[in-house]
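Before any comments, here is the structure.
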Amino acid sequence: MQKLTFERNKYGKEILIDTVHTSEFAVDKREVLPDFYTMAFLRNASGQIKINNQTITLNENIVLFIPVSQLVDISNANFTDGYFIFFEGEFLDKFFNEQNFIFKFSFFHNTDNPLYLQIDNSQKANIYLLFEEIHYEIRNLHQDSEHLIRSYLYQLLIKLNRLYTTLHLDLNSKLLTNDYLLKFRFALEKEIKNHSNVQYYADLLGISRTYLNKLCIDFYAKTSTQVIKERFALEIKKELLYTSKTVAEIAYDYNFSDPPNFTRFFKQITSQTPQQFRELSK
């Protein structure tokens with residue numbers, strides 16, 4: 001596995017966004033862990049890409065969404081024609097003065113959601129043009145380019161989010177207008193490895209456990225405990241899939257009192273023991 005770190009000063013001055021055409025796309029490893037957000041519009045692609053445990057079959061006119069710090073397996077993917085956009089959340093956060101702005105977009109705030117979007121013929125030219133505009137502007141930087149690129153990216157995210165939420169009707173818009181839910185998802189992504197109890201997040205948000213639970217039930221149709229446990233289990237799955245650590249080592253790394261307790265927790269969430277999950281996922 002190769003951890004990919006964003007190159008902030010690649011173009012001389014700090015700019016927190018970059019693009020690449022598929023003809024230039026190259027990584028040394030076939031399993032990567034980017035520390036930045038990624039979107040791709042693939043006009044022509046084949047094979048499969050795996051983002052965490054979500055396997056996506058590639059074809060024409062597909063947009064991919066890869067949230068930060070998600071394990072990506074591209075060993076069976078062929079990218080023939082299209083663009084990738086890579087950016088740090090700070091690129092938008094600074095402009096909108098809102099630390100968790102990126103979580104307003106349905107495809108980046110919950111990795112349980114589908115991480116792709118099939119673009120129909122009526123939309124593909126419009127969407128692809130924005131990818132091209134961003135790519136061109138980054139390759140031909142001017143003093144005011146950052147502002148123009150940010151406006152293109154904002155348009156692109158809004159247009160894709162409209163298509164995405166229309167297609168996935170089960171994803172309502174409550175998250176987009178509820179600041180507590182946005183802050184909860186942001187905190188969960190940042191703190192989950194060290195904090196997995198409801199009270200911690202309720203205190204962090206300045207609300208009661210009861211209200212946080214109500215928000216989770218309203219939006220996710222799950223209790224706050226379920227949301228936290230499932231996100232915690234996802235971190236453990238990454239360790240099982242992409243490290244050589246023993247089950248016991250992972251158990252202690254994640255502050256379980258002993259391996260049997262860790263196994264009980266994992267099986268409760270996944271219906272598999274950690275070892276079974278590791279073996280069946282090979």
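Quick notes
- The single condition among (1) hydroxyl-bearing (S, T, Y); (2) assigned to a helix (DSSP H, G or I); (3) in contact (Cβ under 8 Å) with a residue 12 or more places away in the chain that S196 does not meet is (2).
- Here L129 fulfils each of the conditions (1) touching a residue at least 12 places away in the same chain (Cβ under 8 Å); (2) of a type outside the set (D, E); (3) within 18 Å of L42 (Cβ to Cβ) apart from (1).
- Set side by side, the residues I236, I149 differ, and just one is surrounded by 13 or more Cβ atoms within 10 Å (Cβ to Cβ), closer than 19 Å to N113 by Cα and modelled with pLDDT of 90 or more, which is I236.
Residue-wise test of (1) modelled with pLDDT under 90; (2) outside the structural domain of L33 (by TED's automatic domain parsing); (3) touching an Asp or Glu at 6+ places or on another chain (Cβ under 8 Å).
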residue: A187; (1), (2), (3): yes, yes, no
residue: S196; (1), (2), (3): no, yes, no
residue: L212; (1), (2), (3): no, yes, no
residue: F219; (1), (2), (3): yes, yes, no
residue: S224; (1), (2), (3): no, yes, no
residue: E230; (1), (2), (3): yes, yes, yes
residue: A248; (1), (2), (3): no, yes, no
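- Residue within segment 111-128 that is modelled with pLDDT under 80, more than 14 Å from the chain's Cα centre (by Cα) and not in a helix (DSSP H, G or I) present: no
- The strands (runs of 3 or more DSSP E) located wholly in segment 20-65 that include 3 or more residues which are among the β-branched types (V, I, T) and assigned by TED's automatic domain parsing to the domain that holds L157 occupy 37-51, 54-57.
- Where a residue in segment 134-151 is under 16 Å from K10 (Cβ atoms) and its partner, wherever it lies, is exposed (fewer than 11 other Cβ atoms within 10 Å of the Cβ), with Cβ under 9 Å and at least six apart: L141/G12
- Scanning segment 10-40 for residues that are of a type in the set (V, I, T) and surrounded by 13 or more Cβ atoms within 10 Å (Cβ to Cβ) gives I15, I17, T19, V20, T22, V32, T38.
- Segment 257-282, residues that are touching a Leu at 6+ places or on another chain (Cβ under 7 Å), under 14 Å from T246 (Cα atoms) and modelled with pLDDT under 90: F277, R278
- A single entry from L212, L181, L188 fulfils the requirement of being touching a residue at least 40 places away in the same chain (Cβ under 8 Å) and crowded, with 17+ Cβ neighbours inside 10 Å: L188.
- Here segment 222-255 is the region considered, the condition is being charged (D, E, K, R) and part of a loop (DSSP other than H, G, I, E, B), and the residue that is farthest from N52 (Cα to Cα) is K222.
- Total residues in segment 251-271, condition closer than 12 Å to F232 by Cβ and of a type in the set (V, I, T): 2
The values are calculated or read from the model by the stated rules, or taken from the named source; none is laboratory data. The structure displayed is predicted, hence computed values, not measured ones. Every residue, glycine as well, gets a Cβ built from its backbone with ideal geometry; the counts of neighbours run over all protein chains shown.
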